[in-house]
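Taking it in order: structure first as structure tokens, then the write-up.
Bear in mind these aren't lab numbers, they're just calculated from the coordinates by the rules spelled out. Keep in mind that what you see is a predicted model, and the values were worked out from it rather than measured. Here Cβ is always computed from backbone atoms with ideal geometry, including for glycine, and neighbour counts include all displayed protein chains.
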Amino acid sequence: MTGDVVIRTRDLTMSYGNKRVLDGINLEIHRGEVVALLGANGAGKTTSIEILEGLRSPTSGSVEVLGVDPLHASVEHRAKIGVVLQSWRDHARWRVREFLHHFFVLHAPFRPEGGWEVDELLERVGLADKARSRILSLSGGQRRRLDVAVGLIGKPELLFLDEPTVGFDPHARREFHELMHELADVRETTILLTTHDLAEAERLADRILILHAGRIAADGSADALAREVAGTTEVRWRIGQDRFVHATDAATRFVRELLTREPDVEDLEIRRTTLEDTYLTMVAQHSAAAAEEAAR
């Protein structure tokens with residue numbers, strides 16, 4: 001069950017010259033949610049995150065992050081927010097513990113009650129045995145765990161993750177997803193992540209926001225979004241040398257009737273709609289609606 005509103009935007013717009021990047025974004029994210037922001041390059045993901053982080057001023061509309069306009073947030077307020085960038089520009093020869101301790105010292109004046117100690121956090125992200133290792137010796141997955149530890153050092157109420165697994169091999173990606181699931185299970189931190197990886201969004205997020213042409217084209221869980229797409233299931237089968245495909249939103253009933261009617265069915269396969277199918281369908285629908293509106 002989600003609680004208080006952590007992020008709220010109303011009629012948010014952003015333009016660069018004559019180009020409108022965000023076009024009336026209305027959004028609420030609640031405490032404890034894990035939300036994925038999806039969209040192609042140019043859809044407005046980066047601009048949205050930069051506005052929420054207080055790095056850019058919107059052209060119009062209102063923004064509240066933890067109840068405050070991020071443009072005018074105090075240092076104490078900013079300490080409640082963690083940010084994990086695609087890559088940190090740091091000294092690779094630093095040792096893991098001393099690097100994390102550096103950020104611990106910076107956050108010390110704003111440390112919340114019950115905040116993590118350095119060694120406790122290293123244990124939490126699975127790097128306790130790497131405390132004295134140099135950062136350059138870490139694997140990609142271990143390095144990303146350190147990035148997350150830096151984002152969590154102040155025990156933030158809100159964590160921004162920007163393309164968290166870009167360039168990861170499958171093993172490192174799995175490790176990172178496991179860590180995110182651990183954090184999400186505790187529900188101590190609200191997480192907003194941007195990603196191009198649809199499978200990643202489906203695995204990690206409670207809610208998925210699809211940005212297209214500066215607008216929210218869809219908002220819901222992966223399952224809920226899939227149910228909105230007509231013909232959510234594809235049934236494939238073979239009879240002799242002939243192959244058949246049928247799209248349906250009632251797969252169980254269709255298969256039962258098919259097997260009653262055609263006893264020689266072979267290679268029966270039921271393919272449910274993936275998030276990728278849903279994403280492409282909804283973007284296409286949104287594009288068509290926008291083109292129709294522009295033509296009026």
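Computed log10 I(q)/I(0) for the range 1-77 at 0.11, 0.14, 0.17, 0.27 Å⁻¹: -0.28, -0.45, -0.66, -1.39, from the Debye equation with unit scatterers placed on every C-alpha and solvent omitted.
Put in order of Cβ neighbour count within 10 Å, fewest first, the listed residues L106, L179, L204, L37 become L106, L179, L204, L37. Taking the fewest neighbouring Cβ atoms within 10 Å as the starting point, the ordered list for H212, H77 is H77, H212. Between amide H atoms placed 1.01 Å from N, distances below 5 Å from A79 occur with no residue 5 or more places distant or on a separate chain. Ordering V105, V83, V283 from the fewest to the most neighbouring beta carbons within 10 Å gives V105, V83, V283. The GluC sites (Glu not before Pro) of the range 141-212 that DSSP puts in a loop, and whose beta carbon has at most 15 other beta carbons within 10 Å, are E188.
Using 0.36 nm per residue and subtracting the Cα-Cα separation, the extra length available between R10 and S57 on full extension is 15.5 nm. For the chain, the relative contact order is 20 percent, taking Cα pairs closer than 8 Å that sit 6 or more residues apart in sequence and dividing their mean separation by the residue count.
When DSSP beta bridges are restricted to pairs lying wholly in the chain, around 65% turn out antiparallel.
Rounded to a whole number, what is D in µm²/s for the range 56-107 from Stokes-Einstein with the Kirkwood radius over alpha-carbon pairs (37 °C, 0.692 mPa s)? The Stokes-Einstein estimate is 238 µm²/s. What the Cα atoms of the chain give is an Rg and a Dmax of 22.7, 74 Å.
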